[in-house]
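J.: Before I ask anything, here is the structure I am working with.
The values are calculated or read from the model by the stated rules, or taken from the named source; none is laboratory data. Owing to the predicted nature of the structure, the values given are computational and were not obtained by experimental measurement. Cβ: placed from backbone, ideal geometry, glycine included. Neighbour counts: every protein chain shown.
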Amino acid sequence: MNVSKRVEKLHPYVPGEQPKDRVYIKLNANENPYPPSKNVAKNVIKFIKNNPEKMGLYPDPDSVKLNEAIAKMLNQSGGVLCNAKVDGKNVFPSDEDKIPFTVTPDMIYSGNGSDEVLSFIFYAFFDSSKKFVMPEFTYSFYPVYAGYYDIPMDLVPLNEDWSLNMEEMVNRAKENKSGIIFANPNAPTAIGIKREQVRKMLESANKDEIFIVDEAYVDFGGESCIPLIKDFDNLIIVRTFSKSLCGAGQRLGYIVANPELIKTVFTVKNCVNHFPIDAISQVSGISACEDVAYYVKTSKLVVQEREKFYDFLIRKGFFVTKSQTNFLFVKHPQISGDVLYKKVKEEGILIRHFATKGIDDFVRITIGTKEQMSKLKNIFEKILAEC
Ligand SMILES: *Cc1c(COP(=O)(O)O)cnc(C)c1O
């Protein structure tokens, strides 16, 4: 069958494997090991039971109530769950994370996973006329979308210590008269930059070009850039329910930005998929946001396990970057990333190995429950004893 020239050139995203041959412990896709808040299942069941007719009707195309719930959750938590303070069901931001204004629903756009949201942003703000700046190693979906929309890329190498080369990214964006995207904290390196460093980048960058910060992992100890939105009209922050909100299966992601940018993304959405979030996901998303306290607790648990596993790996002679995420970026001086991945898989746990040149020595390990990490620890002990 003849396919379009466009399709011939596509390079699809390769997700973390989901094998069916046996049951593995999945520490390869940065999913959260904890289930969503009980409030989610309770309200979803109630919704289907009490309003079965709603399953036959189109959902709210603009997810108005969900956007309200997201805005409220951000105001409560300050946008970094693991730092937030809990008093019963009430949640307060830590002093450092307090947002100096109220996030309002018109500053939120929500969609079918942040991957879809990112796709709309790429479509809305970039085209083939200029090179879009991103780190050489970052979320591997960005180059896929760039290919899909025929947007040329300008890849900026990371610093020696795997941190973002902020100055070079801004310089290139100015040269190209183009925008920037990066994840903060970055993936798969796990390293974040500070809000004030992002502010400096924004001050120096072209104010007419979009500046995208993907905060998929910020709830595990990064610094959110939401407080900068009132100062920079070109700043778009992308966030997801898939990691810190235990909701990868719900497919919910969102944008925080000034209302003008939000309107532009709505325009794209209304030309592609008028109803990106189904009725059940809207209920589940709202129910998650209503129980912020639960997710503050699970985020703190993930951070706790991460720090314990980090210490273990360092003691065992691994190189590990200092993580502000729910995963660790790990390399052993003698065992290659590929071998480590295979040996761990034989023992029933999946971790992620990237065959990409430059990071192929590393594995990326998602932080699971205490029990899962203790199993992985034993497997690592065994592998090290054998070599
Ligand atoms: C996981 C991840 C996403 C995708 O999240 P979904 O909402 O599940 O589509 C986006 N950006 C980064 C950096 C991620 O790691």
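J.: Counting just the residues of segment 29-82 that are in a helix (DSSP H, G or I) and acidic (Asp, Glu), which one comes out farthest from the ligand (Cβ to nearest atom)?
T.: The initial filter retains those residues of segment 29-82 that are in a helix (DSSP H, G or I), namely 38-50, 52-56, 64-77, 81-82.
Filter again for acidic (Asp, Glu), leaving 53, 68.
On the way: GLU53: 29, GLU68: 20 Å.
Looking at residues that are in a helix (DSSP H, G or I) and acidic (Asp, Glu), I get GLU53.
J.: Is there any pair with a first residue in segment 271-298 that is within 12 Å of ASN90 (Cα to Cα) and a second that is not aliphatic (A, V, I, L, M) whose Cβ atoms are under 6 Å apart and which are 6 or more apart or on different chains, and what are they?
T.: GLU290/ASN39; ASP291/SER37; ASP291/ASN39; VAL292/GLN76; VAL292/SER77; ALA293/LYS89; TYR294/SER37
J.: Right, another one. Of the residues VAL218, VAL213, VAL256, which is touching a strand residue (DSSP E or B) at 6+ places or on another chain (Cβ under 6 Å), buried (at least 23 other Cβ atoms within 10 Å of the Cβ) and within 20 Å of ALA288 (Cα to Cα)?
T.: So the residue among VAL218, VAL213, VAL256 that is touching a strand residue (DSSP E or B) at 6+ places or on another chain (Cβ under 6 Å), buried (at least 23 other Cβ atoms within 10 Å of the Cβ) and within 20 Å of ALA288 (Cα to Cα) is VAL256.
J.: Take the residues in segment 347-380 that are over 21 Å from VAL302 (Cα atoms) and out of contact with any helix residue (DSSP H, G or I) (no Cβ under 9 Å at 6 or more places or on another chain), then tell me which one is surrounded by the fewest Cβ atoms within 10 Å (Cβ to Cβ).
T.: Looking at residues that are over 21 Å from VAL302 (Cα atoms) and out of contact with any helix residue (DSSP H, G or I) (no Cβ under 9 Å at 6 or more places or on another chain), I get LYS357.
J.: Can you tell me which residue in segment 79-135 is nearest to the chain's Cα centre (by Cα), limited to those that are without any contact (Cβ under 8 Å) to a residue 40 or more places away in the chain and crowded, with 18+ Cβ neighbours inside 10 Å?
T.: SER119
J.: I've got another one for you. Does any residue in segment 1-21 that is closer than 20 Å to VAL144 by Cα come within less than 7 Å, Cβ to Cβ, of a residue that is assigned to a loop (DSSP other than H, G, I, E, B) six or more places away or on a different chain, and which pairs are these?
T.: TYR13/SER140; PRO15/ALA29; GLY16/ASN28; GLY16/ALA29; GLU17/ASN28
J.: While we're looking at this one, here's another question. Take residues that are of a type outside the set (Ser, Thr, Tyr) and over 23 Å from ALA29 (Cα atoms) and tell me which of the helices (runs of 4 or more DSSP H) falling wholly in segment 136-219 contain 3 or more.
T.: On the way: elements: 141-148, 166-176, 195-204.
Answer list for segment 136-219: 166-176, 195-204.
J.: Name the single residue, out of those in segment 235-244 being in contact with a Ser or Thr (Cβ under 9 Å, 6 or more places away or on another chain) and in contact (Cβ under 8 Å) with a residue 60 or more places away in the chain, that is farthest from the ligand (Cβ to nearest atom).
T.: Taking segment 235-244 as the starting set, the residues that turn out to be in contact with a Ser or Thr (Cβ under 9 Å, 6 or more places away or on another chain) are 237-244.
Then keep just the ones that are in contact (Cβ under 8 Å) with a residue 60 or more places away in the chain; that gives 238-240, 242-244.
On the way: VAL238: 7, ARG239: 8, THR240: 3, SER242: 3, LYS243: 6, SER244: 11 Å.
My answer is SER244.
J.: Within segment 90-122, can you find the residues that are under 19 Å from VAL213 (Cβ atoms), within 16 Å of the ligand (Cβ to nearest atom) and not charged (D, E, K, R)?
T.: We begin by selecting, within segment 90-122, every residue under 19 Å from VAL213 (Cβ atoms); these are 93, 96-101, 103, 107-111, 113-122.
Restricting the remaining residues to those that are within 16 Å of the ligand (Cβ to nearest atom) gives 108-111, 113-122.
Passing the criteria: ILE108, TYR109, SER110, GLY111, GLY113, SER114, VAL117, LEU118, SER119, PHE120, ILE121, PHE122.
J.: Let me ask another. Test ALA205 against the criterion of being within 16 Å of the ligand (Cβ to nearest atom), modelled with pLDDT of 95 or more and surrounded by 20 or more Cβ atoms within 10 Å (Cβ to Cβ), and give yes or no.
T.: Criteria not met by ALA205.
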